[in-house]
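Below: the structure, in structure tokens.
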Amino acid sequence: MAVLYQEFGGPLLRHVRKSTGNDLQWAEDVVQETIVRAWRNSARLQWEPSLIWAWLLTVARRIVIDGRRRKSVRPQEVEPPEVDMMSVPDGSERALSAMVVADALRSLSEEHREVIEQTYLRDRTISEAAEILGIPPGTVKSRLYYGIRALRELLRDKGVAG
């Protein structure tokens, strides 16, 4: 096997590097695996140099093809991010936003705040909110429209909404 590697290792490595996209490490692995397979099949091989060379090229080509198939099926490996560089959600952004919205809601008129609370915060329909508040559905819709508009403006003034 040492003679086989000395005679064919260099030319086989040069050939395989072309088919591995000049990836030296992969090419060396392919050459090594090809020589191991030649050793395993030594009893069946014809030891004429041109036939050995053709056999080695065929085996190496198949190993490269199998490697490409494996790489296309497996997800690309990535390094895990450094722990000190990872951001950990702490909920402070959400809590701060909720506080700003609650403050803006308190700034609205009672009529606008009530319909927003009934429809958005308590997840009620226009009809349900109208029944609870004792006003017509059309009034709920109107107050909701103007209340949301006023809330947006208040939040825009506070730099929260665009």
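The values are calculated or read from the model by the stated rules, or taken from the named source; none is laboratory data. Remember, predicted model here, so these are calculated numbers, not experimental data. Counting neighbours? That spans all protein chains shown, and the Cβs are built from the backbone with ideal geometry, glycine included.
For Leu121, the criteria (1) under 37 Å from the mean Cα position of the chain (by Cα); (2) among the aliphatic types (A, V, I, L, M); (3) surrounded by 15 or more Cβ atoms within 10 Å (Cβ to Cβ) hold in every case but one, which is (3).
Residues of segment 11-43 that are in contact (Cβ under 8 Å) with a residue 40 or more places away in the chain and in contact with a helix residue (DSSP H, G or I) (Cβ under 6 Å, 6 or more places away or on another chain): Leu12, Val16, Ser19, Thr20. Inspect all residues belonging to segment 73-89 and state whether any of them is over 30 Å from Val160 (Cα atoms), modelled with pLDDT of 85 or more and of a type outside the set (Lys, Arg). No, because not a single residue in segment 73-89 is over 30 Å from Val160 (Cα atoms), modelled with pLDDT of 85 or more and of a type outside the set (Lys, Arg). With respect to (1) at pLDDT below 90; (2) surrounded by 14 or more Cβ atoms within 10 Å (Cβ to Cβ), the lone exception for Ile116 is condition (1).
The listed residues are Arg149, Arg94, Arg61, and the only one of them that is among the basic types (Lys, Arg), modelled with pLDDT under 90 and part of a helix (DSSP H, G or I) turns out to be Arg94.
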